[in-house]
1. Out of curiosity, is Glu162 among the acidic types (Asp, Glu) and modelled with pLDDT of 90 or more?
2. Within the range 6-16, identify whether any single residue is more than 30 Å from Asn71 (Cβ to Cβ), at pLDDT 80 or above and surrounded by 10 or more Cβ atoms within 10 Å (Cβ to Cβ), and answer yes or no.
3. Taking Lys156, is it surrounded by 11 or more Cβ atoms within 10 Å (Cβ to Cβ), modelled with pLDDT of 80 or more and within 30 Å of Asp107 (Cα to Cα)?
4. Considering each residue of the range 36-57, count those that are open to solvent by 50 Å² or more (accessible area, probe 1.4 Å) and among the hydroxyl-bearing types (Ser, Thr, Tyr), and give that number.
5. Going through Val101, Val88, Val33, Val119 one at a time, which residue ends up being among the β-branched types (Val, Ile, Thr), assigned to a loop (DSSP other than H, G, I, E, B) and either open to solvent by 80 Å² or more (accessible area, probe 1.4 Å) or modelled with pLDDT of 90 or more (or both)?
6. Output the residue which, of all residues in the range 127-153 that are modelled with pLDDT under 85 and among the β-branched types (Val, Ile, Thr), is farthest from Leu112 (Cα to Cα).
7. Give the residues of the range 106-115 that are over 11 Å from the mean Cα position of the chain (by Cα) and open to solvent by less than 20 Å² (accessible area, probe 1.4 Å), sorted by residue number.
Amino acid sequence: MKAAFYIVEGHRRHRAYSRAIAAGNPIEWISIVPFKGNDVEATARILNSNSQLKLTTYEQSLVVKKLSAFNLSPIEIAKLVNMSRSKVDQLLAFTQANHEVQALVRDGDVALHVAVDKVKKHGESAAEELKKDVEKAHAAGKKRVTSSTSLFSATKARRLCELLVGSEVEKHPFSSQEIIIPRSIKVLEEIKNILADYQEGIK
């Protein structure tokens, strides 16, 4: 009886070796390092080890969806894959969106956070609204719909200012610079979520 083996990481290398062998190149031995861990850790490794060629947002959502099937909470998933809680929440929400919405993100026409916001606001008609935004973005010479073509800048930038105004400013203990101390963990989390949305929009 033959043992079954599954590739945890190195799918592209495996594909390259397969093509080389099919082309007639004499490759007899391939270095393999056995993965040590359970099925959850193996799935998380797909995101953690992808440091050279980054996964697309769509590919990330597939991994996060698979991790959620293990009954892991968003916080647990975020810790496993070294990702912010807000990004995990967005990816999980995205996996529940209609196929047309997912296709727009997969094809690079719409940023993740914009698609999720549209789904929250428009539900089943989100795809049609996003298609209109894509047409406007392309007409303006932009490759995809980001925060600059949505209402993000005005609303969330104002909210960020409100949160920062209520924070304290202290000198950094190891440098001459100053650091901002939010008044609570909840405020800090909201600031991080807004910054994560902004970073996603300018990619």
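1. Judged against the criteria, Glu162 is not a match.
2. yes
3. Numbers: surrounded by 11 or more Cβ atoms within 10 Å (Cβ to Cβ): yes; modelled with pLDDT of 80 or more: no; within 30 Å of Asp107 (Cα to Cα): yes.
When the stated conditions are applied, Lys156 does not pass them.
4. Residues in the range 36-57 being open to solvent by 50 Å² or more (accessible area, probe 1.4 Å) and among the hydroxyl-bearing types (Ser, Thr, Tyr): 2 in total.
5. On the way: Val101 fails: assigned to a loop (DSSP other than H, G, I, E, B); Val88 fails: assigned to a loop (DSSP other than H, G, I, E, B); Val119 fails: assigned to a loop (DSSP other than H, G, I, E, B).
Answer to the selection: Val33.
6. Top of the filtered list is Thr149.
7. Taking the range 106-115 as the starting set, the residues that turn out to be over 11 Å from the mean Cα position of the chain (by Cα) are 106-110, 114-115.
Of everything in the range 106-115, those that are over 11 Å from the mean Cα position of the chain (by Cα) and open to solvent by less than 20 Å² (accessible area, probe 1.4 Å) turn out to be Val110, Val114, Ala115.
The values are calculated or read from the model by the stated rules, or taken from the named source; none is laboratory data. For clarity, every value in this text was computed on a predicted model and none was experimentally measured. Quick reminder, even Gly has a Cβ in these numbers, built from the backbone with ideal geometry, and neighbours come from all protein chains shown. For the accessible areas, the whole protein counts, side chains as well, though only heavy atoms, and no ligand, DNA or RNA atoms are used. Shrake-Rupley method; radii C 1.70, N 1.55, O 1.52, S 1.80 Å.
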